[in-house]
Amino acid sequence: MEKSGVKELNHRFLILFFAVLACAILTFYFASKGETRVYTHLFYIPILLAGVWYRKKAIYIALFLSFFYIIVTYPWTHPSDVFARSTILVAVAYVLGFVSEKRAKGEEKLKETKYYLDDIIKSSADAIVVVDMEGIVRSWNKAAEDYMGYTADEVIGTSNKKFFADPEEAERIMEIALRAGELKNYRTTVLNKDKKPVHINMSAALLKDKNGAPVGTVRVSRDVTKEMELEKKIKEERDNLNLILESMADGVYIVSKDYKVEFMNKVLIDEFGDQVGGICYKMFHDREEPCPLCKNTEVMKEKTMRWEWHSRRKNKTYDLIETPLKNIDGTISKLTIFRDISKRKQMEEELKEAKERYMVIFEHALTALCVIEEDKKVSLVNKEFETLSGYSREEIEGKKWTEFIAEEDLERVNKYHDERKKGGAPACCVFKFVSRNGEIKHVNTCIEPILDAKRCIASLLDITELKMKEDDLRETCEKLAELDKMKRDFLNVAYHEMRSPLAPIVGYASLLERFKLTDRGRKYIHNIEKCARQLEKMINRMLELARIDSRKVELILEEFSIPGVVWEVVKSLEPEAKKKKQKISIVIPEIEIQADKLKTVAIFTNLISNAIKYTLEKGIINVMIEDRGEDIRVCVTDTGIGIPEEHLPMIFERFYMVDTSLTRKSGSLGLGLSIVKEYVKLHGGRVWATSELEKGSKFFFTMPKRQK
Amino acid sequence: MQKKRILIVEDAAYMREMLVEMLEQEGKKYEVAGFAVDGKEAVEKYKELKPDLVTMDLVMEVMDGIQAIREIKKHDPNALILVITALGTPEQRKAALEAGADEYLWKPFTIKNLSDMLEKLLRKREE
C-alpha cells in the first residue's frame, strides 16, 4: 500500500508538472501572437487536477500559474483583466482544494475503518468468510485458511459449494440466512483442501445494500472438531457410566440439588418404580418437604456420606453411599448407591442371637472352659472355670494359661497344645491343674483350635476324684491279679498234694487184691478203689478248668472218625448203663472231623455219662449226630428227671448244681458240663440244652468239621 | 534171668515203701538197687549204683526231677528213666519227655499199671 501510494504520487506529480509546463508554453506561444483570452482556460486543467489530487495545495499551483500568467501576458493585456482572471483561478483552486480536502478526509476515515476491520478479520481466530448471493466467495480470512487449507487467492471468486460435505448444505444455509436474516450456532461439516471433514460451528448474517436488498452473507465459523470429539467422548463416558450404573447390583440414583430425580438404575426402578423427573422426597417418602435424615445438604458441600436407612414401608434396611457428582454445567448432583442389606442385617441378628445362645451354653457348661489367646493369655472363662481355678474371672483376666499347669506337666501340655494347633495330637491330655492356693487338681483337657488356629478353646474336666478311684481300682486290680496268681499257684500245689495221697490208696488197694481175700475183703477193696478214682476224676476236672481259665489249654488237632469216638465212649460207659438196665441208641453217619480227639472224647463222655446218671432205670439214651456240611450237630437225649426251666441257662456254669442239698442222688461238683462248654467253645462250637421235667433233657452241641 | 536193678527216686517215704512192696510182689524180675530222696542224690546214686532203671518223681527239693533226668542222661544217655508223678498236665508230661524220660506214669496207679510200664520199657530196651 505504501509503495503504490508513492508511485501514485510521482505519477500525478509528473502529469501535473507536464500539464503546468504545457500551459506555460501554450500561454507563452499564444501570448506572443497576441491572443491572450482563450488560453487562460487551459490553466483550469492543472488546477483542477491539483485540486483533486493535492487538495489545498492546489492554491499554490493556482498562485504560481496566476503569477506566470500575469508576467507573460502583461505586455498584451490590461493588468486589471489579468488580475481578475488570476483571482478567479486562485478562487477556483481554493474551492476545489477545500472540497477535495474534505472528501479526502472522509475517505481516509473510511479507509482507516476498513483497515481496522481488515485487521480484525485477519487476526480473528474464527474464520470469517463473505459469500455473495450467488454463493461466490468474496472474502476469506487467515483463520479460514488455517482450517480449510485453501488460501484466499485460491478461493475468492469461486463457489462455496465445494466446501460442504453435503453439496446442498450451501443452499440450505443461504435459505435460512435469507429467511431469518441470520444463522446462529449452526453445526455442519465441511471438507478441507485434503478432503478431510471438519466440524464447524457457524453463525451468519445477511449483508444488505443501502436499499435493503440482500447482497450476500458474512459467515463466522469455528473448527469444533476437537470439541465434538470431546463431547462424543464425554457422551461415551456418560453412556458407559450409565451402563455401569444400570448393571450394578446395587440401586443407584441421582438427584439434583433441588431434589429432582435425574437418574435411577434398573434395580431401583424395579424396587421403587420409575420416578425419574419427580421430587425424591415426594416420590419415595410421600413427604411435602425434604426428609429429616436427608444428606443432600452435606453432599452439596462435596461430602461423601454413608449411612443406613431402614424403610418401614418396605421393611428393609439399606446401606447408602451418597457422593457429590459434578455436572458439566458446574452444578452438583447427589449420586446415591443403595444396597439392600436386610439379609445381612438379619444374618447379623441371627449371628448375634446364636452368639448369645452359645455364650449361655459356654457359661453354664458343666465343664470348665476357657479361651486361650495366641500369647497363651486366658481371655474368656466360664463359671465352671472359676470354680475349678478358685479365681474370679476378673482375677483370671491377664493370667497366662501356663500359670494353671503344674511345672512337671508344663512341657508335655505345651507340646500337646502346639500339636493341637496344627490339628494333630490325641484329643485329650491329662495334667495337674494348679488352682488357687496351689491346690493340685487332676484335669482331663481337650484343646481345640478356633479362628485360624490362633486362639484355642480348652475344656477341662476335673477328674481328681475319678483319678483317685482309678488309682484305687488299679490297686484293687493288682491285688486281684496277685490273688488270682496265688489261687492258681495254690490250686496247682493243691492238685499235686491231693493227688499224691491218692497214689498209695490206689496202689495199696491194687496190691491188696493180690492177696488171698474173703469176698467181703475184695468188696471193700473195690469200693476203696472206686471212691479213689472218683476223687481223682474231680481233682482232674478242677485242674482242667483252672488251666482253661489261665488259657493254658490248647487244641491238639488230628483227623478222626466221629462214630469211632462215640462207640469207644459208649463202650466204656456201657457197664454203668447196663447196671441201670438202660438202652443206648446211636444214630450217626460216618463223619471224619479234624479236632482235639481227647477233648472230643471228654465231651461225649461227660454228656453220655450225665445222661446215664440222670436217667432212671430202663430208660433210653439217644445219641444223634447230624452232618450239616460245615459242622456237625450232636444231640444227646435222655429220659431222665429233666431240669427245671429256670436252671437251664445256668447248668453250664461252673459249680452249678440243680440240687444243692447234700442228700442229692449223685455226687458231683457240677464241673462236667462246664468242661463240655469250654471244650466246645475251644473248638468254635456252641452248646445248649432243652428240657422237660419228668420227661427228660436234650443236650446239643455243634462243632466245626475243620479248624481254621 | 538176672533181676533188673531199679533205683527209686521219691521224696515221700510212703511212696518209696509202696514201690518197694510192689516191686517185691513182682519179685522174680526186679530188685531195688537203692533210694534217693532228691534229684541231686538221684544223680549221685545213679553214678554209684548204675541201675538198669530209675523211677523218678518230679516234685522234689534240692534238685527237681526234670533236672535230675537231664543230669543222668548227660552222664549216661542209655539210662532208662520212668517218671512217676502226680503232675499230669500235657505240658509237664512234655517237659519230662523232652528232658529225656522214657515213660511217664501218672499217680495214682495200680500195681498192674506199674508192672506193665516196666515190662514195656525193659522190652523196648532189649529190642
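The values are calculated or read from the model by the stated rules, or taken from the named source; none is laboratory data. These figures come from a predicted structure and were not determined experimentally. Quick reminder, even Gly has a Cβ in these numbers, built from the backbone with ideal geometry, and neighbours come from all protein chains shown. Areas reflect the complete protein model, heavy atoms only, side chains present, ligands, DNA and RNA absent. Shrake-Rupley method; radii C 1.70, N 1.55, O 1.52, S 1.80 Å.
Some notes on this structure:
- So A:Asn527, is it among the polar types (S, T, N, Q) and away from every other protein chain (no Cβ under 11 Å): yes
- In region A:543-555, residue nearest to the other protein chains (Cβ to nearest Cβ) [restricted to those that are out of contact with any helix residue (DSSP H, G or I) (no Cβ under 7 Å at 6 or more places or on another chain) and not basic (Lys, Arg)]: A:Glu554
- Annotation note: Cβ proximity below 9 Å between a residue of region A:532-561 that is within 19 Å of B:Gln92 (Cβ to Cβ) and a residue that is in a strand (DSSP E or B) and among the acidic types (Asp, Glu) (sequence gap 6+ or interchain) occurs for A:Glu554/A:Asp596; A:Leu555/A:Asp596; A:Ile556/A:Asp596.
- Filter result for the condition that a residue is open to solvent by 10 Å² or more (accessible area, probe 1.4 Å), more than 14 Å from every other protein chain (Cβ to nearest Cβ), in contact (Cβ under 8 Å) with a residue 12 or more places away in the chain and more than 14 Å from A:Val506 (Cβ to Cβ), over B:Leu122, B:Leu80, B:Leu87: B:Leu122
- Among the residues listed as A:Asp472, A:Asp489, the single one being open to solvent by less than 100 Å² (accessible area, probe 1.4 Å), closer than 30 Å to A:Ala427 by Cα, away from chain B (no Cβ under 12 Å) and assigned to a helix (DSSP H, G or I): A:Asp472
- Meets criteria (within 19 Å of A:Val493 (Cβ to Cβ), among the aliphatic types (A, V, I, L, M) and crowded, with 21+ Cβ neighbours inside 10 Å) for B:Leu58: yes
- Of all residues in region A:538-559, those that are closer than 23 Å to A:Leu673 by Cβ and out of contact with any Gly (no Cβ under 9 Å at 6 or more places or on another chain) total 15.
- The set of residues in region A:335-383 being of a type in the set (Phe, Trp, Tyr) and in contact (Cβ under 8 Å) with a residue 24 or more places away in the chain consists of A:Phe338 alone.
- Selection within region A:502-520 - free of Cβ contacts under 8 Å to residues at least 12 places away in the same chain, within 10 Å of chain B (Cβ to nearest Cβ) and open to solvent by less than 90 Å² (accessible area, probe 1.4 Å): A:Ala503, A:Pro504, A:Gly507, A:Tyr508, A:Leu511
- Subset tally (residues that are part of a helix (DSSP H, G or I) and open to solvent by 60 Å² or more (accessible area, probe 1.4 Å)) for region A:346-383: 17
- All positions within region B:95-114 that are within 11 Å of chain A (Cβ to nearest Cβ) and either open to solvent by 10 Å² or more (accessible area, probe 1.4 Å) or under 12 Å from the mean Cα position of the chain (by Cα) (or both): B:Leu105, B:Trp106, B:Thr110, B:Lys112, B:Asn113, B:Leu114
- Matching residues, region A:272-320, being closer than 19 Å to A:Lys343 by Cβ and surrounded by fewer than 11 Cβ atoms within 10 Å (Cβ to Cβ): A:Arg312, A:Arg313, A:Asn315
- Residue in region A:236-253 that is surrounded by 18 or more Cβ atoms within 10 Å (Cβ to Cβ), within 37 Å of the chain's Cα centre (by Cα) and not hydrophobic (A, V, I, L, M, F, W, C) present: yes
- Selected residue (criterion: farthest from A:His364 (Cα to Cα)) from residues of region A:447-483 that are charged (D, E, K, R) and touching a helix residue (DSSP H, G or I) at 6+ places or on another chain (Cβ under 9 Å): A:Lys454
- Residue in region B:26-45 that is within 14 Å of chain A (Cβ to nearest Cβ), open to solvent by less than 80 Å² (accessible area, probe 1.4 Å), farther than 30 Å from A:Ser550 by Cβ and at pLDDT below 90 present: yes
- Taking the listed residues A:Glu448, A:Glu408, A:Glu395, A:Glu419, the one that is surrounded by fewer than 16 Cβ atoms within 10 Å (Cβ to Cβ), touching a strand residue (DSSP E or B) at 6+ places or on another chain (Cβ under 8 Å) and assigned to a helix (DSSP H, G or I) is A:Glu408, with no other qualifying.
- Among the strands (runs of 3 or more DSSP E) confined to region A:588-658, the ones with at least 2 residues that are closer than 14 Å to A:Lys698 by Cβ and open to solvent by 70 Å² or more (accessible area, probe 1.4 Å) are located at A:620-627.
- Hey, A:Ala532 assigned to a helix (DSSP H, G or I) and within 7 Å of chain B (Cβ to nearest Cβ) or not: yes
- Among the strands (runs of 3 or more DSSP E) confined to region A:111-209, the ones with at least 3 residues that are over 60 Å from the mean Cα position of the chain (by Cα) and surrounded by 14 or more Cβ atoms within 10 Å (Cβ to Cβ) are located at A:127-132, A:137-140, A:197-208.
- Every condition in (1) surrounded by fewer than 17 Cβ atoms within 10 Å (Cβ to Cβ); (2) within 14 Å of another protein chain (Cβ to nearest Cβ); (3) not β-branched (Val, Ile, Thr) is met by B:Gly65 except one, and the failing one is (1).
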